[in-house]
1. For region 141-314, what is the accessible area per residue in Å² when the probe is 1.4 Å?
2. Is the C-alpha gyration tensor of region 121-183 telling us rounded, prolate or oblate? Criteria: a/c under 1.5 is rounded; beyond that, a/b larger than b/c is prolate, otherwise oblate.
3. Sum up the charges of everything whose Cβ sits under 15 Å from the Cβ of Gly147, counting Lys and Arg as +1 and Asp and Glu as -1, but leave Gly147 out.
4. Determine the share of region 10-139's accessible area contributed by carbon and sulfur atoms, expressed in whole percent, with a 1.4 angstrom probe.
5. Suppose each label sits 7 Å from its Cα in the direction of the beta carbon; what would the Leu293-Tyr164 distance come out to in nanometres?
6. For Lys266, give me every one of the lysines with a C-alpha distance below 20 angstrom, ignoring sequence neighbours fewer than eight places off in its own chain.
7. How large is ³J(HN,Hα) for each residue in region 27-39, as worked out from phi by the Karplus curve 6.51 cos²θ - 1.76 cosθ + 1.60 (θ = phi - 60°), to whole Hz, x for Gly and Pro?
8. Skipping prolines and chain starts, which residues have an amide H placed within reach, meaning under 5 Å, of the one on Ser258, given they are 5 or more residues away or on another chain?
Amino acid sequence: MTVPTTILGQNQYGKAENRVVKITRDGATHHIKDLNVSVALSGDLDEVHYSGSNANVLPTDTTKNTVFAFAKEQGVESAEEFGIALARHFVDATEPIRTARIRIEEYEWERIDLDGGAAPHSFVRRGQEIRTAQIRYDGTDVQVLSGLKGLTVLNSTDSEFWGYIKDRYTTLKEDYDRILATEVGAVWRHGPAGSPGAESGSGSGSTDTDWNASYGAVKQQMLRTFAETYSLSLQQTLYQMGSQVLGHRPELEEIRFSMPNKHHFKADLAPFGIANEAADGAVYIAADRPYGLIEATVLREGAEALIPPDMTNL
Ligand SMILES: O=c1[nH]c(=O)c2[nH]c(=O)[nH]c2[nH]1
């Protein structure tokens, strides 16, 4: 059998899913940062694939150690800041490494409530969303994508769906009062350094942002808009959420959502002679799958779409 002539295509490597927990002590009061950090490096790495020469390889084991050492030496103020420091280090300190991509999931903890106040060093995992960040550095530009996933929300009214195409396969009944529920996955891109909302398209994220404040404000704006939008479709709600986030956060250029429609169907109780109408407080079947999947990007006017379509769940 002849071996075909081949060439190496895109490649990257690094240690994935480094689970880092950093405790910061402030007297008796402790703070916790709980991250899952994945490193992907690329650069002048053809030879390790072609001949097995490891001369340009920074071992994945070293990338793992670097993550833990940086957590200790620099601390973890925010996922974004930590990722930027790591990405810069790998590219700037190791010649053959040209690009670093750091992906971070953050699991949030809150203090356990005690009678006398918040516990100083006891935490309960927050059951809500997972915070995400991706930092990409190519030796010149830093691009920061922040995000979240698993933020499940539900409106028990103020949602309709009607007026859609009907063909011979359509069975869905028009609905003028339905439950609207989704699990929000979103990724948003920070604009260029020092010019919030002004320039667009360079892809370099401001590195002096207050990442934690920005994240909290984006999440709250999403929740507020979901709650306050009278919805004619999940698509309309999604667009409103994106539009309101960009309207309130000048540091952002672009946001992309992935929102499964978590269908709630009214249970058919007619066979038992029981009416089951929304207006009287209905009983619903929470369907698991299949689910409608609504995905879209919302951009500031004039901004370039730089978040890849498959990036909504970092
Ligand atoms: O908000 C919705 N958008 C759709 O596109 C759709 N399609 C569907 O069957 N139900 C819904 N709901």
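1. Numbers: 8980 Å² over 174 residues.
With the other protein chains kept in place, region 141-314 gives 52 Å² per residue.
2. Details: a/c = 4.33, a/b = 1.74, b/c = 2.48.
Because a/c hits 1.5 or more and a/b fails to exceed b/c, region 121-183 counts as oblate.
3. Values: positive: Arg101, Arg103, Arg131, Arg136, Lys149, Arg189, Lys219, Arg249, Arg256; negative: Glu80, Glu105, Glu106, Glu108, Glu129, Glu183, Glu251, Glu253, Glu254, Glu295, Asp310.
Computed value for this residue: -2.
4. Details: 3070 of 6800 Å².
C and S atoms contribute 45 percent here.
5. 1.7
6. In chain and number order, the partners are Lys173.
7. Using θ = phi - 60°, the values come out as x, 7, 8, 9, 10, 10, 10, 10, 10, 10, 10, 10, 10 Hz.
8. Correct list: Gly185, Ala186.
The values are calculated or read from the model by the stated rules, or taken from the named source; none is laboratory data. Here the structure is a predicted model, which means the values were calculated and not measured. With ideal geometry, Cβ positions are generated from the backbone for all residues, glycine too; neighbour counts draw on all protein chains shown. Accessible surface areas use protein heavy atoms only, side chains included; no ligands, DNA or RNA. Shrake-Rupley method; radii C 1.70, N 1.55, O 1.52, S 1.80 Å.
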